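Okay, so here's the structure we're looking at.
The values are calculated or read from the model by the stated rules, or taken from the named source; none is laboratory data. Quantities reported herein were computed from a predicted structural model and do not represent experimental measurements. Cβ sites come from the backbone with ideal geometry, for glycine too, and all protein chains shown count toward neighbours. These accessible areas exclude ligands, DNA and RNA; they are computed on the full protein's heavy atoms, side chains included. Shrake-Rupley method; radii C 1.70, N 1.55, O 1.52, S 1.80 Å.
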Amino acid sequence: MSKSEKFYDYLILEGYGEITIQNYRQTITKFLKDLDTQKPTQKQAENYLIEIRKKEYSYSHIKNNITNISRFMKFIGRPIKVEMPRKPQTLPTKDILTEGEIARMMAETKNSREKAMLGILVFNGLRNKEVCSLKVKDIDFENNIIKVISGKFSKDRIVPISKEEYKILLGYLRDYLREENDYLFTTLIRNNQYTGGDLRKRIKVITKRAKIKKRVYPHLMRHSLITHLLEKGMNVIAVQQIAGHTNLKTTMWYSHFSPQKVQQEFMYFIPSYL
């Protein structure tokens, strides 16, 4: 058994959930493939992460690589020292997709499969791995909810299905027949479970069709949904539950992204001094 497989077994024994382990597996597999070795040295690993930091990846992508690779290197007895970048305090509003941009993307989907993938991202704000782990039985049409099983931190939650999304998902399952225990999304040729990489590629294709110049990726849909819900005045506790945030402060962080909302609130509550 390779050291990487032993590492994944170790994570199972440590109590990590399936989605988290898939995350580690994806990162480590790419890491070892890029270096073309199963036994990376400390210097190779450190240089690899330094190059990752130089590129224009999101903070979460950089942090994910540093955390996962550092833990793997420690497991194989070759601990490394790489400084974690400082977390940005704001997410620029210009990087959030507008409702109009999302509508353009929905209009540029070519079939019910693409529309269902994009729909779950934009209407529910699911994380990349959560979308890929969904099974048909997790879609509860009777109660208009999606059951997210073992999401981040191995926590379950439910998210509501909108009327528009209800039709989209029904149309998809009518066109692409699946059994209850099947994954909701699989590859077309081999019928393998969809991966985070597969989803990112599909979103890039749709983004290009919609002629959107921003860097668009699955997690940006999540940022956009949370921001839009708060802008429209949705109760922050309800938004927290939909997003699956453990800490309310994480949800509140998004409330700082909309100067328009702040201005609306100010104009409504400003006292009459004259």
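Residue pairs whose Cβ atoms lie under 7 Å apart, sitting 6 or more positions apart in sequence or on different chains, and linking a residue in the range 11-27 that is without any contact (Cβ under 8 Å) to a residue 40 or more places away in the chain to a partner that is of a type outside the set (A, V, I, L, M, F, W, C), are 11/24; 21/8; 25/8.
In the range 16-25, how many residues are open to solvent by 40 Å² or more (accessible area, probe 1.4 Å), of a type outside the set (D, E, K, R) and either over 13 Å from residue 67 (Cβ atoms) or out of contact with any helix residue (DSSP H, G or I) (no Cβ under 8 Å at 6 or more places or on another chain) (or both)? Qualifying residue count, the range 16-25: 1.
Just the residues that are small (Gly, Ala, Ser) and either under 23 Å from residue 77 (Cβ atoms) or at pLDDT 90 or above (or both), please, taken from the range 12-36. Step through it out loud before you land on a result.
Filtering the range 12-36 down to residues small (Gly, Ala, Ser) leaves 15, 17.
The one that is small (Gly, Ala, Ser) and either under 23 Å from residue 77 (Cβ atoms) or at pLDDT 90 or above (or both): 15.
Between 43, 94, 63, which is within 29 Å of residue 223 (Cα to Cα), modelled with pLDDT of 85 or more, of a type in the set (Lys, Arg) and part of a helix (DSSP H, G or I)?
Working: 43 fails: within 29 Å of residue 223 (Cα to Cα); 94 fails: modelled with pLDDT of 85 or more.
Criteria check complete, one pass: 63.
Of all residues in the range 133-171, those satisfying the criterion of being within 20 Å of residue 191 (Cα to Cα), modelled with pLDDT of 95 or more and touching an Asp or Glu at 6+ places or on another chain (Cβ under 9 Å) are 135, 136, 137. Within the range 27-66, the residues that satisfy the criterion of being open to solvent by 20 Å² or more (accessible area, probe 1.4 Å) and among the hydroxyl-bearing types (Ser, Thr, Tyr) are 29, 37, 41, 48, 57, 58, 59, 60.
Within the range 177-219, the set of residues being in a helix (DSSP H, G or I) and open to solvent by less than 70 Å² (accessible area, probe 1.4 Å) comprises 196, 197, 198, 199, 202, 203, 205, 206, 207, 209, 218, 219.
If you go through the range 147-182 and pick out every residue that is over 13 Å from residue 116 (Cα atoms), touching a strand residue (DSSP E or B) at 6+ places or on another chain (Cβ under 7 Å) and β-branched (Val, Ile, Thr), you end up with 3.
Rundown of residues vs (1) in a helix (DSSP H, G or I); (2) in contact with a Cys (Cβ under 8 Å, 6 or more places away or on another chain); (3) at pLDDT 90 or above, yes/no style:
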| residue | (1), (2), (3) |
| --- | --- |
| 1 | no, no, no |
| 6 | yes, no, yes |
| 10 | yes, no, yes |
| 38 | no, no, yes |
| 48 | yes, no, yes |
| 67 | yes, no, yes |
| 89 | no, no, no |
| 106 | yes, no, yes |
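Just one of the listed residues (113, 174, 157, 104) is in contact (Cβ under 8 Å) with a residue 24 or more places away in the chain, exposed (fewer than 14 other Cβ atoms within 10 Å of the Cβ) and charged (D, E, K, R), and it is 174. Within the range 220-251, the set of residues being open to solvent by less than 60 Å² (accessible area, probe 1.4 Å), over 20 Å from residue 150 (Cα atoms) and part of a loop (DSSP other than H, G, I, E, B) comprises just one member, 233.
Residues in the range 123-154 that are surrounded by fewer than 20 Cβ atoms within 10 Å (Cβ to Cβ), in contact (Cβ under 8 Å) with a residue 40 or more places away in the chain and outside any loop (DSSP other than H, G, I, E, B): 135, 136, 137, 138, 152, 153, 154.
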